[in-house]
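Data first, discussion second: the structure below is written as structure tokens.
The values are calculated or read from the model by the stated rules, or taken from the named source; none is laboratory data. Just so it is clear, the model here is predicted, and its values are computed rather than measured. Cβ placement follows ideal geometry from the backbone for every residue including glycine, while neighbour counts extend to all protein chains displayed. These accessible areas exclude ligands, DNA and RNA; they are computed on the full protein's heavy atoms, side chains included. Shrake-Rupley method; radii C 1.70, N 1.55, O 1.52, S 1.80 Å.
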Amino acid sequence: MPTMASRRQLAPQQPDPAHERKREQILQAAEELFFRKGYSGTTIADICERLGVTKPFLYYYFANKNEIFETLSWRASHACLTALHFENDERPAIERLREGLHRFAAANIHFFKSGTFAYREAGALQPAFTRRLKAMARRFYDELCALLEQARADGELDFHDARLTGLAIGSIAGFMYTWYKPDGRLPPHEMVQELTGILLRIAGAETAPRAKTRKARSTGSKTTKRRQQ
């Protein structure tokens, strides 16, 4: 009789929508529990109870609690830490930086719960998994600093130390879980826009709305002076 693991290995290569939907339901339930109760405070029984399923049902999709936790951690970390990766993109650095920071902000908003797992619960991660995360984080900061340096050389940014600026940008989302509320004053898409603007200003960039406002004020001032003359 095939085991749960062997049944997963024998599963069709093409994604099965029903399979993926049930797997996602498990992940969503577990994410909420891990976020509220922590890794050690959450059991497989808790996840099953929240879903109204049995343990064999859950074990068909995941080998154990750690696999669920690492799946959530990797998905969130990957979305955030690959946001600034551009393959064969010849656009100016500032354009790539704006798009990348927008993707970074959006990923942090979307995964604001599971995005905290890798550093809040680092002890629950396997050493090999942690090494992969650290390698991905190093690449993120290398790509971010390269874009910052390029955009500064192009005269688009004003900052002193690329590494410190990059670290400040990367850490801005670190405490989002303490204050961000999806149903708060700003809807998610507006929060993404606001956060993107904040990240750009940390890098010393002029955001489009502020630039337009400054231009309008300058034009208005000149018009007033001409009228006075």
Residue count, the stretch 87-102 (criterion: open to solvent by less than 60 Å² (accessible area, probe 1.4 Å) and not in a loop (DSSP other than H, G, I, E, B)): 6
Conditions (1) open to solvent by 30 Å² or more (accessible area, probe 1.4 Å); (2) assigned to a helix (DSSP H, G or I): number failed by LEU58: (1)
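So which of ALA18, ALA76 is at pLDDT below 95 and either touching a strand residue (DSSP E or B) at 6+ places or on another chain (Cβ under 8 Å) or part of a helix (DSSP H, G or I) (or both)? Write out each step before concluding.
Working: ALA76 fails: at pLDDT below 95.
So the residue among ALA18, ALA76 that is at pLDDT below 95 and either touching a strand residue (DSSP E or B) at 6+ places or on another chain (Cβ under 8 Å) or part of a helix (DSSP H, G or I) (or both) is ALA18.
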Flag for LEU157 being assigned to a helix (DSSP H, G or I) and either in contact with a helix residue (DSSP H, G or I) (Cβ under 8 Å, 6 or more places away or on another chain) or surrounded by 15 or more Cβ atoms within 10 Å (Cβ to Cβ) (or both): no
Scope the stretch 125-148; condition hydrophobic (A, V, I, L, M, F, W, C) and assigned to a loop (DSSP other than H, G, I, E, B); matching residues: LEU125
Leading residue by the ranking (nearest to MET191 (Cα to Cα)) among those in the stretch 103-124 that are part of a loop (DSSP other than H, G, I, E, B) and of a type in the set (D, E, K, R): LYS113
Residue among ALA151, ALA83 that alone is aliphatic (A, V, I, L, M), open to solvent by less than 60 Å² (accessible area, probe 1.4 Å) and outside any helix (DSSP H, G or I): ALA83
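So in the stretch 169-217, with the set limited to residues that are polar (S, T, N, Q) and either assigned to a helix (DSSP H, G or I) or modelled with pLDDT of 95 or more (or both), which one is most open to solvent (accessible area, probe 1.4 Å)?
The initial filter retains those residues of the stretch 169-217 that are polar (S, T, N, Q), namely 171, 178, 193, 196, 207, 213.
Adding the requirement that they be either assigned to a helix (DSSP H, G or I) or modelled with pLDDT of 95 or more (or both) leaves 171, 178, 193, 196, 213.
On the way: SER171: 65, THR178: 82, GLN193: 111, THR196: 13, THR213: 63 Å².
Applying the filter and picking the extreme gives GLN193.
To keep it simple, each residue is scored yes or no on (1) more than 24 Å from THR196 (Cα to Cα); (2) open to solvent by 20 Å² or more (accessible area, probe 1.4 Å).
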| site | (1), (2) |
| --- | --- |
| LYS113 | no, yes |
| THR130 | yes, yes |
| LEU133 | no, no |
| MET136 | no, yes |
| ARG139 | no, yes |
| LEU147 | no, no |
